[in-house]
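The values are calculated or read from the model by the stated rules, or taken from the named source; none is laboratory data. Only a predicted model underlies this, so the values are computations on that prediction, with no experimental measurement involved. Here the Cβ positions follow ideal geometry from the backbone for every residue, glycine too, while neighbour counts run over all protein chains shown.
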Amino acid sequence: MKQADAKNIPDEPTFEKALARLEQIVAQLDAGDLPLDEALKLFGEGSELGKFCSAILDQAEGRLEMLIEGKDGKPEVKPAQGMLGKLEGESGD
């Protein structure tokens, strides 16, 4: 691929970039000095970024594994998805 072609390819979004942009949007909206149409546009962009970040976090949670003590006292590896809240005291039932 030629170097000129590489410049035309937009950066692939990452969780970190999306979160940084979302933080910028929140700060702008919190300032409260934007015209309504611009605030609504930013709100829409922020909503999409929030969905993107949430999907990335859901994928990461699906890949996590936890080492827990089994009923027989031996360690077992279990998928972390759905268990994190239960271990932190949330009622999942």
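Here are the numbers:
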{"quantity": "Residues of the range 34-85 satisfying the condition of being of a type in the set (Lys, Arg), over 19 Å from Glu12 (Cα atoms) and either out of contact with any strand residue (DSSP E or B) (no Cβ under 6 Å at 6 or more places or on another chain) or part of a loop (DSSP other than H, G, I, E, B) (or both)", "calculated": "Lys41, Arg63, Lys71, Lys74"}
{"quantity": "Looking only at the range 34-93, and only at residues there that are among the acidic types (Asp, Glu) and under 17 Å from the mean Cα position of the chain (by Cα), the one that is modelled with the lowest pLDDT", "calculated": "Glu61"}
